[in-house]
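Peer 1: If you scroll down you'll find the structure; I have some questions about it.
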Amino acid sequence: MPDLGSIVTFAIASVTLLLIPGPAVIYILNRSVADGREVGLSAVAGLELGNLVHAVAASAGLSAVLATSATAFNAVKWLGAGYLIFVGVRTLLRPATTVASEATSISRRRTFVQGIVVNTLNPKVALFFLSYLPQFIDPDKGAAWSQALVLGITFVLIGCLTDGLYALTASALRARLLSGRTLPFVQRYVAGTVFIGLGVVAATTAPASK
């Protein structure tokens, strides 16, 4: 198990990464503003499960496989990118409806699943685990996989706090930001564009070894 000093240093680096706007933060803000607090928090839950996938992959050495195997990396990349772009196009093609600011355009379950996909394919998180986490693995502190798992879980717990704060803040401002005909526009065009953009980011991501 890593010593306390290593965990604290890693935690500080994790907070810095998680607070910087990236695909996950954009997704949280989009869902929280367009669909409210409950949907925003469902997005956070999915995103953190995606972070946990990275943590488990790092502890099992799978991250290294994706980083060195072009075939494996591309398979994951294109499957995820295709899914995100499909969701974006479907959202853009959905007929516009006039709804109240309390209404939502997507279920919590679907938001949760989408959050998993977004963060599992989040290049910012993947590169962090591939390039930064190994620096905190000390052979004298025990098995490498257990140290990686402890650090990964630390990252996930911090992510719950920072991403949850983004969701709560954005949803609290929802009523002020949205009114009347603005909400359908955000739920359709902004959400659709965000998903397509996330898909493009996933499609253009290269392995860390390149």
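The values are calculated or read from the model by the stated rules, or taken from the named source; none is laboratory data. Small disclaimer: the values here were computed from a predicted structure and weren't measured. As a convention, Cβ positions derive from the backbone with ideal geometry for all residues, glycine included, and neighbour counts pool all protein chains shown.
Peer 1: Among residues belonging to the range 1-26 that are assigned to a loop (DSSP other than H, G, I, E, B) and over 15 Å from GLY50 (Cα atoms), point out the one that is modelled with the highest pLDDT.
Peer 2: Top of the filtered list is ASP3.
Peer 1: Could you please let me know if LEU29 is part of a helix (DSSP H, G or I), at pLDDT 80 or above, under 17 Å from the mean Cα position of the chain (by Cα) and over 22 Å from ALA175 (Cα atoms)?
Peer 2: Taking the combined requirement at face value, the residue does not satisfy it.
Peer 1: How many residues are part of a helix (DSSP H, G or I), modelled with pLDDT under 75 and of a type in the set (Lys, Arg) when one looks only at the range 159-210?
Peer 2: The number of residues fulfilling the criteria is 2.
Peer 1: Mind checking whether some residue in the range 38-56 is charged (D, E, K, R), closer than 19 Å to ALA11 by Cα and modelled with pLDDT of 70 or more?
Peer 2: yes
Peer 1: State the number of residues belonging to the range 29-49 that are surrounded by 21 or more Cβ atoms within 10 Å (Cβ to Cβ) and under 20 Å from PHE128 (Cα atoms).
Peer 2: 4
Peer 1: So which residues in the range 1-15 are closer than 10 Å to PHE136 by Cα and under 25 Å from the mean Cα position of the chain (by Cα), if there are any at all?
Peer 2: SER6, ILE7, THR9, PHE10
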